[in-house]
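What follows is one structure encoded as structure tokens, with my remarks underneath.
The values are calculated or read from the model by the stated rules, or taken from the named source; none is laboratory data. Quantities reported herein were computed from a predicted structural model and do not represent experimental measurements. Cβ sites come from the backbone with ideal geometry, for glycine too, and all protein chains shown count toward neighbours.
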């Protein structure tokens, strides 16, 4: 594993950041890979329109776990309107590893959850 | 356990007073284990059995009727000759002791409903009965709650200590306690044995079917709805789909719980083991080679897990029976799990004493 994956990826897999759940998150979505079984949930708490806290929970491979961990770090402090601008390439680049095409779905699973969560998010009109 | 409660509920409908016969000790081979019960009602109804044969049960029924007439408990010791023994399955000329107690059904119902309530909460419970005076009983519920008494605080304390071992083995039996060796029968109850399988793999399928045939409650957990289906697991009691380690946190683990990880995938094995091992179920088995098991253990220790917790982990899981097919692997896993729970060596019977 060490030869294929960067120190950054391995560190985030072994010591995931922002792992856990949020009480009453404003945005929450869970996605899974139907064949390999990775399952990741992303949760965000907003302060007005800014992400004040981000968490992920799930059982995933090294790539999907590290990607989820790195993604939560990217999200905190961002305006909710800007979250959809986070690209596939941006997250894959953050992993600092040569992700093979067959494993792209692992790396992008947390981003998929984020995008679905944003899609379903309806801001409180008050 | 379910059978016992069913019999008692039937009694509640039909009888006010019964003789409760309990198999409290066996010597030699026995068709039923200590704790087997038969009830003979004042109105003549018979529920349950302490053996599989006619002549012993017939004698128990006769003794029960006398106990009801005299309103006195009795301990009946049956020494079976070779001929009788062969007749009823005691082919090794076993002996057995049966305690027969006249009891009011409402009191019996109250006692067993208390036990059932504990069992439904995942706890074990033991009724300790003095065989010198069967009116002296101590109910011990896992966690420390007690009611009743065997007669002295010292006996009650000794009984609580003895009950812990029996609860762990989920076994009933007679043990002599105190300086004057008071024989005390311990009747142990606990949650039904449960098999929890993480990973709806092809090995999990025969594992669940076989466990179902053995009378275990079965639960299958996976993150993939396409694998965790009723079609693949027609006998399963519960199919749970979600984040496996998150589901693992919601399950109850007792001394009657077997956990087997069959995903053969570290993404499930690592987070689930972090939850399951500290809960100390009866058995934890992990599908995989010794090499894989070593790597998994090292990762968990690096993550802060106490290495003592890892001693529970059976990896590779199963007995060395030359298992090749999924069904054979399932058989080998369940055979090991039952042996561990029973505290047995899983050796060939002909080589055991």
Item checked: Exclusive hit being part of a helix (DSSP H, G or I) and in contact (Cβ under 8 Å) with a residue 12 or more places away in the chain, set A:66, A:53 -> A:66
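Taking residue A:34 as the residue in question, decide whether it is at the interface with chain B (Cβ under 8 Å from one of its Cβ atoms), part of a loop (DSSP other than H, G, I, E, B) and either surrounded by fewer than 23 Cβ atoms within 10 Å (Cβ to Cβ) or out of contact with any helix residue (DSSP H, G or I) (no Cβ under 6 Å at 6 or more places or on another chain) (or both).
yes
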Next item on the list: Mind listing just one residue for me: the one in the range B:239-277 that is touching a helix residue (DSSP H, G or I) at 6+ places or on another chain (Cβ under 9 Å) and without any contact (Cβ under 8 Å) to a residue 12 or more places away in the chain and, of those, farthest from the other protein chains (Cβ to nearest Cβ)?
Entry: B:246
Margin query: Condition first: touching a helix residue (DSSP H, G or I) at 6+ places or on another chain (Cβ under 7 Å) and within 24 Å of residue B:214 (Cβ to Cβ). Now tell me which residues in the range B:278-289 satisfy that.
Written below: B:282, B:283, B:284, B:285, B:286
Item checked: Top-ranked residue in the range B:152-178 [being part of a loop (DSSP other than H, G, I, E, B) and touching a strand residue (DSSP E or B) at 6+ places or on another chain (Cβ under 7 Å); ranked as surrounded by the fewest Cβ atoms within 10 Å (Cβ to Cβ)] -> B:171
Notebook entry, point to check: Restricting the search to the range B:198-220, which residues are part of a strand (DSSP E or B) and within 14 Å of chain A (Cβ to nearest Cβ)?
Noted result: B:198, B:220
Next item on the list: Could you please give the count of residues in the range B:221-238 that are within 14 Å of another protein chain (Cβ to nearest Cβ) and surrounded by fewer than 24 Cβ atoms within 10 Å (Cβ to Cβ)?
Entry: 6
Item checked: Selected residue (only one of A:17, A:115, A:103, A:55 is away from chain B (no Cβ under 12 Å) and at pLDDT below 95) -> A:103
Notebook entry, point to check: Just a yes or no: is a residue in the range A:89-109 crowded, with 17+ Cβ neighbours inside 10 Å and farther than 21 Å from residue A:10 by Cβ?
Noted result: no
Margin query: Looking only at residues that are crowded, with 21+ Cβ neighbours inside 10 Å and farther than 21 Å from residue B:264 by Cα in the range A:37-52, which one is farthest from the other protein chains (Cβ to nearest Cβ)?
Written below: A:51
Check: Which residues, taken from the range B:179-201, are more than 30 Å from residue B:274 (Cα to Cα) and either within 13 Å of the chain's Cα centre (by Cα) or surrounded by 16 or more Cβ atoms within 10 Å (Cβ to Cβ) (or both)?
Finding: B:182, B:183, B:184, B:185, B:186, B:187, B:188
Note to self: Give me the strands (runs of 3 or more DSSP E) completely within the range B:100-149, filtered to those with at least 2 residues that are closer than 21 Å to residue B:77 by Cβ, ordered by residue number.
What the structure shows: B:125-130
Check: Would you call residue B:330 assigned to a helix (DSSP H, G or I), within 21 Å of the chain's Cα centre (by Cα) and in contact (Cβ under 8 Å) with a residue 60 or more places away in the chain?
Finding: yes
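Taking the stated definitions as given, is residue A:88 more than 27 Å from residue B:201 (Cβ to Cβ), without any contact (Cβ under 8 Å) to a residue 12 or more places away in the chain and more than 10 Å from chain B (Cβ to nearest Cβ)?
No: the conditions fail for residue A:88.
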